[in-house]
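The values are calculated or read from the model by the stated rules, or taken from the named source; none is laboratory data. Keep in mind the model is a prediction, meaning the values are calculated, not measured. Here the Cβ is made from the backbone with ideal geometry for all residues, glycine too, and neighbour counts use every protein chain on show. We work out accessible area using only protein heavy atoms, side chains counted, and drop any ligands, DNA or RNA first. Shrake-Rupley method; radii C 1.70, N 1.55, O 1.52, S 1.80 Å.
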There are 2 protein chains.
Amino acid sequence: MVTPTVVPATGPVDTGAPVEPLLRTASGAEVLDCARAARPAARALAQLTSTAKNAALLAMAAALRERGSEILAANTRDVERAERAGTAASLVDRLRLTPARVEAMAQGLVDLVALPDPVGTVLRGSVLPNGLQLTQVRVPLGVVAIVYEARPNVTVDAAGIAVKSGNAALLRGSASAAASNAVLVEILATAGRSAGLPDAAVQLVPGTDRDSVTHLMTARGLVDVIIPRGGAGLIQAVVNGSTVPVIETGVGNCHVFVDADADPAMALEILLNSKTRRPSVCNAAETLLVHADVARSFVPAAVRALVGAGVTVHADTAVLDLVGPQDGVVPAVDADWDTEFLSLDIAVAVVADLDAAVEHIGRHGTGHTEAIVTGSLTSAQAFTARVDAAAVMVNASTAFTDGGEFGFGAEIGISTQKLHARGPMGLAELTSSKYVVTGTGQTRDAS
Amino acid sequence: MVTPTVVPATGPVDTGAPVEPLLRTASGAEVLDCARAARPAARALAQLTSTAKNAALLAMAAALRERGSEILAANTRDVERAERAGTAASLVDRLRLTPARVEAMAQGLVDLVALPDPVGTVLRGSVLPNGLQLTQVRVPLGVVAIVYEARPNVTVDAAGIAVKSGNAALLRGSASAAASNAVLVEILATAGRSAGLPDAAVQLVPGTDRDSVTHLMTARGLVDVIIPRGGAGLIQAVVNGSTVPVIETGVGNCHVFVDADADPAMALEILLNSKTRRPSVCNAAETLLVHADVARSFVPAAVRALVGAGVTVHADTAVLDLVGPQDGVVPAVDADWDTEFLSLDIAVAVVADLDAAVEHIGRHGTGHTEAIVTGSLTSAQAFTARVDAAAVMVNASTAFTDGGEFGFGAEIGISTQKLHARGPMGLAELTSSKYVVTGTGQTRDAS
C-alpha cells in the first residue's frame, strides 16, 4: 500500500485555503490495481442482459436525484478552489453544477435506457461451403478509459454509456473537478452495485497529476482503449505516449467553403451558425473560403455580418483588398490557417476554385467537419468525394456533427481518426466483435 | 539527399560474398519522404473506380508472369545469402520462390478482381428530423504500412489488397527477402502506373534495419495505420513504440477444450487437426484442456494420438498420473501455459469443469482462437458467450480462423486486438468511413 502524496492544486497558491486532499499523485501500482479490478468487472458486464443494464442505469439516475445536495456541496468546493486560483469565468462556468444540471445528468442516464443495446447484434452471418455456421456478433470492448477535462457531466455521461454498452469504465477527470467527480462516481458505483452491477464497473482513477494518465495509457493488456477528451495538449500527450489503443477525439479546424453557385443568403446563415452558435466547441467553423468568382459580392457581406456578430476576421490579402481596413478585421498570419480558435475569430481567404478549396482543406484541416455551400450538383459531388474528413456537409452548418443530432442518442466523443470509429461515437462505437463458428466436427484440409 | 550506408547482412559474415547493396540503413528523412509521397497517391487512389483498380490488378498480375525469371533470379540471391548465413532450412523454404509460387502470387491478384470493392458501400443512411440526409460511406484508410518478415508473397498480397481497397501501400519487408522484394515492388509499381495508378501507390520502404521501422511507426499524420505481421518480438516492438495507430496481428496461444459431453472421436480429430495441420501458424492449438469427468478415458487416447503424430506432450500432474512416464511426454512447467510453441508441442491439462476451462483461457489465451468440443448446447452457449477471443469454435478445428476459410477471399492478417478489426481482416477492414450530410440550408438551434 502506497501512501498518497498530497500536492497543491495548480495555479496561484492561496495559503489561506486548506489543501484539497483529493488533489494528489497516484502511484503506478494504485492505477494498475484499478485497471486490474476492472477486468473481472468487464467480464461480468459483458454477460448482463439489456434489462439488467437498464435497471442499473435507472438506479444510478435515481441516486443522483436523491443525493443532489451532496453533489452540489462537493461541486461548490471545486468552484471555490477554481475561483481562488483565478480561473477564467468561462471555465468556472463549465465546472459549476446547478440543480438543473444535476437533473440533466440523471435524465441523460434515463434516456440511455431507451436506446437499443448494441451487444449481441449479429454483424455478419453465413453458412460456409463446408457447413460451418459463421456469425460475427458485437461484444463490448472490455475496459474503457476516458481521460477528460473540466465538465463533471462527462463523468455521468461516460459511465452511463459504458454501462449500457457492457464496458467497465475507468474515469480520469481533471483536478479542477476532483471533489465533484469523487462524489459522482461514489454515487454511481454504489447505486450500480445495489442494482446488480459488478464491483469496479465504474471507477474513478486515482491521482490528478499527469503521471496517473501515464500509468493508465501504458496499461496495455489491462485497458482495451483510452479515449482522451479535452484540449489539443492532452490529446497529443496521450496519442504520443500510449501503448493502449487510443481513439483521438475532438480537434476541429473546420472550414466553410462558399462555392461560385452558392445561394448567398443560405451561405451567410450557414457561416454565422457554424461560427457563432457555440464558438468553443470542436464543430465550430474556424476558416471561411470563398470562391473567387463570387468574392466581390460575398466577401463584403460576410465580413459585415461576421463583424456585426462580434467576430474578428483574420483576412488574407484578397479579402483585405475587398473590404479595406476596418474595425474587426486583421491581416491573417500563416498560423491562422492551422488554428482552432475556439473563440469569436475566423480566418477568411479567397480561393481560385473548388480544387483550391479542397487543396487548402487537405493541407490545414484536422479531418473533423468540412462544409460546402453550393447549388451545383457537380461541386457537391466533387467536394464530398474528395474532402477527407469525418463529416462533410453540403448546405448545412458544421454544428450538426454531433451524436445527438445524428440520432445516436448518446455520444462519448467525436473521433477524428480513421481507425475503429470516425465522427460522433455512440454505443456501437464502444463495441468490438467476435466470430462464433459452429460445426459438427469439421477439420481443415492440409493444403 | 542522404547517402545510404551499406551494412552487411546479419548472421555469419561470408567474406567471399559481395556485400548486398540492398541491405542498408535508411535515414528518417528517406522513410518520411516515402510516406509523404504516399499521401497524394492515397488521395488519388480513393477516387478510382473499381474498374480502374481491377485493371491495375490485372496489369500487375500479367507483369509478374512476364517477368518471372527476374523475380526468381533476385530470389536466388536472397536464398543463397540465407544459406551462407546458416539460416534454418524451414525459414529458407519460406523465403524460396518457385515458378509455381510466382504463378500463385499472380493468381492471387487476379482473384482480387472478383471480390466486391468495399469503397463507397453505404453503412448507414437516414433522413434526420430536420430533413438532413445522413449517409455513412466506406472510404479507404489512406496510407497503410505493413511490416512483415520472410515470405516474399506477402509483398504481392499486401500490395494487391491495398490497391483493391483504395489505399496506398508502404511495404517494409525483411532483410532476408530484400532482393526479392525490391524486384517485386518495382514490377508491381511499374505495371500499376502503366495501368493508371498514381505514382507511389505501392512503395517499398527503404532500409532493412530496425530504425526504418521506427521511422515508419512514428510518422503519425503521414501513415494512417501500421500492421505488423511476424513474430511476437516484431509485434511488441511496433505496439510499444508506435504513435501511428497499430493493428496487432497474429499471436495465437489457442486452446481446445474437450467438454464432458464431447464425442471422443470428434474431439480427437479436431485436436489433431488443430495441433498438427500446420504447427507453425498462429491458429494452431497450443494447449489441450480436458474436463475432469472424461479425463480418465480421453486423456490416454489423446496422448497416444498426439505422441503417435510426433507431438511432445507437456503434461500437468493429473495427465502424468493418467498416462505414466513415457517417451514424448514431459512434465509441464508454468511457462508452457503461456507459450505459443509453433512447433509439434502441446500443453495438456485436466480442468475441473467448463468454468475452470474458461478461467484458464482467460488467464493464458491471447484472444485469437479458442475451441470447445461438446454435445451440450448449454456448454456451447456458455463457452461462446464467456470466452473473449477473435474466434470461438464449437466442434470445429482452430485451423478455420482464416480470411480465405471465412469467405473473405483475401486476408491482410488476423487481428488479435479489439479496436477497429478483430479476427481475419479482409478488404473491408482496410477501410474507414465518412459521414456525408446533405441539406437545404439547415442551421442548428442555439440550445
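Between identical copies, the spacing of residue B:85 label points, each set 7 Å from Cα toward the C-beta atom, reads 5.5 nm from nearest to farthest. Candidate cross-link partners of residue B:164 among the lysines, defined by an alpha-carbon separation under 29 Å and a same-chain spacing of 8 or more, comprise A:418, A:434, B:53, B:418, B:434. Look at the alpha carbon pairs under 8 Å that are at least 6 residues apart: their mean separation over the length of chain A gives a relative contact order of 17 percent.
Among the protein heavy atoms of chain B, carbon and sulfur supply 55% of the accessible surface, probe 1.4 Å, non-protein parts ignored. The helix-only estimate of mean residue ellipticity at 222 nm for chain A, built from DSSP H runs of length n ≥ 4 each weighted as -39500 (n - 2.57), is -13000 deg cm²/dmol after division by the residue total. Entry comment: accessible area of the protein assembly as shown is 37 Å² per residue, from protein heavy atoms only and a probe of 1.4 Å. Comparing mean-square fluctuations of B:396, B:382, B:55 from a GNM of chain B with C-alpha springs under 10 Å, the top value falls on B:382. Relative contact order, percent, of segment B:254-400 when contacts are C-alpha pairs under 8 Å separated by at least 6 residues? Relative CO of segment B:254-400 lands at 34 percent. Can you list the residues of segment B:46-62 whose accessible area drops by at least 30 Å² going from the chain on its own to the full set of protein chains, with a 1.4 Å probe? Listed in order, they are B:47.
Using Cβ point charges alone (K and R +1, D and E -1), the dipole size of segment A:254-400 about the Cα centre works out to roughly 420 debye. Projection of the Cα convex hull of chain A, averaged over all directions and equal to a quarter of that hull's surface, yields 26.9 nm². Within segment A:299-365, the proportion of C-alpha pairs whose separation exceeds 17 Å stands at 41%. Sorted from shortest to longest, the distances between the residue B:317 label points of this copy and the other copies are 8.5 nm, with each point 7 Å from Cα along the line through the beta carbon. Counting only other chain Cβ atoms within 10 Å of each residue's Cβ, the peptide A:381-390 averages 4. Taking the Cα centre of the protein assembly as shown as reference, the dipole from Cβ charges on Lys and Arg (+1) and Asp and Glu (-1) amounts to some 460 debye.
Which percent of the Cα-Cα distances in segment A:158-261 go past 17 Å?
59
Descending by average beta-carbon neighbour count within 10 Å, the peptides B:366-376, A:417-427, B:230-240 line up as B:366-376, A:417-427, B:230-240, the highest first. Using alpha carbons only, the radius of gyration of segment B:241-329 set against its Kirkwood radius gives Rg/Rh = 1.09. Over all projection directions, the Cα-based convex hull of the protein assembly as shown averages an area of 40.0 nm².
The mean number of partner chain beta-carbon atoms within 10 angstrom of a residue's beta-carbon across peptide A:262-275 is 2. Looking down the axis that turns chain B into chain A, the chain B residue with its beta carbon nearest that axis, and the gap rounded to whole angstrom, comes out as B:420, 2.
Place a +1 charge on the Cβ of each Lys and Arg in chain B and a -1 charge on the Cβ of each Asp and Glu, then give the dipole magnitude about the Cα centre in debye, rounded to the nearest 20. List each step's numbers first, then the result.
Values: 33 positive and 45 negative charges, 369 e Å.
With Lys and Arg at +1 and Asp and Glu at -1, about 1780 debye.
Of the residues B:132, B:268, B:109, the one that moves most in a GNM of chain B with alpha-carbon contacts below 10 Å is B:132.
Relative intensity of segment B:387-426 on a log10 scale, I(q)/I(0) at q = 0.16, 0.17 Å⁻¹, equals -0.38, -0.42, per a Debye sum over C-alpha point scatterers of equal strength in the absence of solvent.
Would you please classify the overall shape of segment B:340-435 from the alpha carbon gyration tensor, given that a ≥ b ≥ c denote the square roots of the eigenvalues, rounded means a/c under 1.5, and beyond that prolate means a/b larger than b/c while oblate covers the rest? It is prolate, given that a/c is not under 1.5 and a/b is the larger ratio.
In peptide B:328-336, what is the residue-averaged number of other protein chain Cβ atoms found within 10 Å of each Cβ? The partial results should precede the final answer.
On the way: counts 0, 0, 0, 0, 0, 0, 0, 0, 0.
The per-residue average across the peptide is 0.
At a probe radius of 1.4 Å, figure out the A/B buried accessible area, summed over both chains, and give it in Å² to the nearest 100. Summing both chains' loss of accessible area gives about 5700 Å². Translational diffusion coefficient of segment B:254-400 (Stokes-Einstein, Kirkwood radius from Cα pairs, 25 °C, 0.890 mPa s): 169 µm²/s.
Among B:337-346, B:284-293, sorting by the average number of other beta carbon atoms lying within 10 angstrom of each residue, highest first, gives B:284-293, B:337-346.
When both bridge partners sit in the protein assembly as shown, DSSP labels roughly 30% of those beta bridges antiparallel. Computed on segment B:28-241, with alpha-carbon pairs under 8 angstrom and 6+ residues apart, the relative contact order is 31 percent.
Can you tell which of B:299, B:437, B:102 shows the greatest fluctuation in a Gaussian network model of chain B with Cα springs below 10 Å? Maximum fluctuation in the GNM of chain B, among the listed residues, is at B:437.
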